[in-house]
Amino acid sequence: VRQWQDLFYGKRYSATVLDDQVDFVKVSEGMGAKAYSVDTIEEFEKAFKEAIELNIPCVIDCHIDREDKVFPMVSPGAAISEAFDREDLNNKK
């Protein structure tokens, strides 16, 4: 949502400034899921592989900088078939 606000709504941020972090690992474990907290792609790959092998509910909390963009993405109101990536966005500028 923050990415949409940044790219399509003039950086008018609402309800996306999450300064008070929720501990998603504790919340997930409290609901009976296996949980991971990752900061790097290597940690993610390890957690993802383990989560798939466990075949139980799992949550992977991925920490990324709030200014980083995540692609592919879909514009507000667009169909999933209209997803675009960073290169598509750069070509529109």
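Things to note:
- Residues in the range 9-28 that are among the β-branched types (V, I, T), under 15 Å from C62 (Cα atoms) and assigned to a loop (DSSP other than H, G, I, E, B): V22 only.
- Whichever residue in the range 1-33 is of a type in the set (A, V, I, L, M, F, W, C) and touching a residue at least 60 places away in the same chain (Cβ under 8 Å) and, among such residues, is nearest to A47 (Cα to Cα): W4
- For E53, the conditions (1) farther than 25 Å from Q3 by Cα; (2) touching a strand residue (DSSP E or B) at 6+ places or on another chain (Cβ under 7 Å) are fulfilled apart from (2).
- Positions within the range 29-80 being part of a helix (DSSP H, G or I) and not aliphatic (A, V, I, L, M), in sequence order: E29, G30, E42, E43, F44, E45, K46, F48, K49, E50, E53
- A Cβ distance below 6 Å, combined with a sequence gap of six or more or placement on separate chains, defines the contacts here; from the range 44-60, residues that are surrounded by 13 or more Cβ atoms within 10 Å (Cβ to Cβ) reach residues that are among the basic types (K, R) in the pairs C58/K34.
- Pairs with Cβ under 6 Å, 6+ apart, first in the range 76-88 and at negative phi and surrounded by 10 or more Cβ atoms within 10 Å (Cβ to Cβ), second part of a loop (DSSP other than H, G, I, E, B) and among the aliphatic types (A, V, I, L, M): A83/V74
- Summed over the range 61-75, residues that are among the hydrophobic types (A, V, I, L, M, F, W, C) and touching a residue at least 40 places away in the same chain (Cβ under 8 Å) total 2.
Rule-based calculations on the coordinates, nothing more; no lab input. As the structure is a prediction and not an experimental result, all values here were calculated from the model. Methodologically, a virtual Cβ is constructed for each residue, glycine included, from the backbone with ideal geometry; neighbour enumeration extends over all protein chains shown.
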